[in-house]
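Input: a single structure, listed below in structure tokens.
Read-outs throughout are calculated quantities, based only on the coordinates presented, and are distinct from any laboratory measurement. Note that the coordinates shown come from a computational prediction; the quantities given were computed from them, not determined experimentally. Please note: Cβ atoms are built from the backbone with ideal geometry, for glycine as well, and neighbour counts cover all protein chains shown.
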Amino acid sequence: MPTILVVEDEEDILDLVAFNLQKEEYEVLRASNGNDGLALALERMPDLVVLDLMLPGRDGFEVFKGLRDDSRTRNTPVLMLTAKAEVANRITGLKLGADDYVTKPFSPRELVLRVKALLRRATKAVPGTKIKFGPFYLDKSAFKSYLNGDEMDLTTTEFKLLSTLLEAQGQAVERATLLRDVWGYTDMVHTRTLDTHVKRLREKLGGDAHWIQTVRGIGYTLAVDPSMAQ
Ligand code: CA
């Protein structure tokens, strides 16, 4: 059951949106200001965020930036709610990269349809399953990995680790994110496990080991330009 976070300061609209999403069997999280909304999103990692633009404290734009700046919510679809008078804001929002918009007043049915469409798109993007980056090619559905066209012999964990790094497409992936996505750990106790597996994966990459770079104090990344890598 997908979880949807609704961030909206107007209580009647929050109730209306939550009610209509719950009717569709979504789990709904609520926040009535930007700070709570962002904190809740990072903590619970919802499948989608319905985000009002005009919020007390941190407004919708700032919350949106916060979501995009954190690896946990970087790819979470965001449906923005804007008032009619905020058309200029819609343009700004588009530039920011929000996924879709609903202008107030909106029909609950329209909102639910947009949510469904966004979730469909998001889940389709994940099992697109074929990832190409540098010398790597991964077919997630077939569980096959290739390096310079040759099939690699990776363990399940190494495969997950490599695919998580590949999906970040050259962006640094935090240690906590890797531990959570690859192992399902939510604490930092197992941080040595991560380093051990990265070491083994690098060994299997042989002459291409330099593609996996350590980002000191953060985590790991795939080199965008491996000639710069050490
Ligand atoms: Ca508002």
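Computed values, structure above
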quantity	calculated
Computed label-point distance, nm, for sites E151 and R68 using a 7 Å Cα→Cβ extension	4.1
Kirkwood hydrodynamic radius of the range 130-228, Cα pairs, Å	13.5
Order by protection proxy (mean Cβ within 10 Å, highest first), peptides 44-56, 2-14, 138-150, 208-220	44-56, 2-14, 208-220, 138-150
13 Å beta-carbon shell around R202, net charge (K/R +1, D/E -1)	-1
Cα-based Lys pair tally, the chain, threshold under 14 Å, eight or more apart or on separate chains	12
Equivalent-ellipsoid semi-axes of the range 21-76, from the Cα gyration tensor, Å, largest first	18, 14, 9
Largest-first ellipsoid semi-axes for the range 3-125, taking √(5λ) over the Cα gyration tensor eigenvalues, angstrom	17, 17, 15
Length-normalised contact order for the range 130-228 - Cα pairs under 8 Å, 6+ apart - percent	23
Average projection area in nm² (convex hull over Cα atoms of the chain, one quarter of hull surface)	13.8
For peptides 176-184, 33-41, 109-117, sequence by mean Cβ density within 10 Å, most packed first	33-41, 176-184, 109-117
Label-zone membership for the range 14-40, site E110, 7 angstrom Cα→C-beta point, backbone N under 16 Å	17
Peptide ranges 163-175, 71-83 listed from the most packed, as the mean C-beta count within 10 angstrom indicates	71-83, 163-175
